[in-house]
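What follows draws every value from the coordinates through simple rules; no lab data is involved. These numbers come from a predicted model, not from an experiment. So basically every Cβ, Gly included, is an ideal-geometry build from the backbone, and we count neighbours across all protein chains shown.
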């Protein structure tokens with residue numbers, strides 16, 4: 001009886017091990033096939049190997065957000081394991097702007113270079129996922145604003161529903177302000193971060209609504225006024241508003257990515273003002289001054 005039970009156990013274990021191996025080989029083969037297929041579609045293009053690698057990785061992360069690496073600030077092994085488990089259980093980008101940046105990168109590449117069917121397929125799927133996600137229950141956060149900007153860069157024949165962008169993303173940003181002159185990064189804090197400028201202003205200027213444009217202008221002007229170092233002309237990481245007419249700068253002033261976030265929002269607003277024949281706009285003056293400040297401090 002014991003021998004029979006032992007044989008049965010060994011047989012079951014062997015079968016399970018065999019199935020696991022087959023599944024592993026199949027999964028590996030499928031991923032390898034997809035990689036070769038993607039690489040083959042890009043073969044013969046003018047791309048350097050560096051650009052090719054970036055495009056392939058961008059598609060991979062946008063198609064499968066769970067494959068994106070965890071933050072490098074998560075040093076503890078336990079934290080990394082728990083973080084990975086949370087990510088697999090809920091594969092929604094809680095920060096949001098990372099996926100938006102990926103989508104924007106693909107959209108801009110296809111706009112400047114020849115359009116690639118694989119790029120368009122990935123973007124269309126991402127757009128459909130966002131429509132499904134935000135139509136049902138969830139509301140876009142400030143970090144999701146880059147989605148709207150990325151979608152509006154797609155060719156007009158891709159059937160992006162501008163009314164969805166307007167009603168979902170832009171309206172969410174207007175609601176976030178709640179009568180305030182600018183938008184907070186987090187609902188739980190009144191501190192205004194420079195990240196917000198780069199995320200929300202490009203989305204707001206895609207709208208034709210006067211209140212959206214006014215909010216975009218206020219976002220730029222207030223940050224320039226309350227969070228700029230006079231000596232260098234660079235912006236701080238954040239500022240704490242004091243009422244509506246004053247603010248205290250916070251954080252570092254030499255944060256490179258922060259200057260980039262500010263520049264993204266500023267450039268989009270300045271282009272909007274020039275396009276609509278507003279050469280005396282304050283945003284254009286700020287853009288010129290900020291460009292000079294950046295140039296002086298470049299290494």
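Residues of region 195-212 with an amide N closer than 18 Å to a point placed 7 Å from the Cα of residue 98 along the Cα-to-Cβ direction: 195-196, 199.
Its convex hull of Cα atoms gives region 193-267 a direction-averaged projected area, equal to a quarter of the hull surface, of 4.7 nm². Taking every Cα-Cα distance in region 107-206 and sorting them into 10 Å bins starting at zero, the pair-distance distribution P(r) comes out as 14, 45, 30, 10, 1 percent. Shape class of region 152-234 from the alpha-carbon gyration tensor: prolate, with a/c at 1.5 or above and a/b greater than b/c. Judged by the mean number of other Cβ atoms found within 10 Å, the most tightly packed of the peptides 106-117, 257-268, 282-293, 195-206 leads the ranking 195-206, 257-268, 282-293, 106-117. Above 26 Å, the calculated P(r) of region 145-299 contains 24 percent of its Cα-Cα pairs. Here the simple spin-label model places points 7 Å from the Cα toward Cβ, and for residue 297 and residue 231 these points are separated by 1.1 nm.
At an R0 of 30 angstrom, the distance between the Cβ atoms of residue 289 and residue 50 translates into a FRET efficiency of 0.30. Does a label point 7 Å from the Cα of residue 250, set along Cα-to-beta-carbon, have any residues of region 207-228 with amide nitrogen under 16 Å, and which are they? The answer is 223-224, 226-228.
Given contacts defined as C-alpha pairs under 8 Å and at least six residues apart, what's the relative contact order of region 140-286, whole-number percent?
Numbers: 216 pairs, mean separation 32.6, N = 147.
That works out to 22 percent.
Along each principal axis, taking the top coordinate minus the bottom one, the Cα set of region 223-298 gives 35, 34, 19 Å in descending order.
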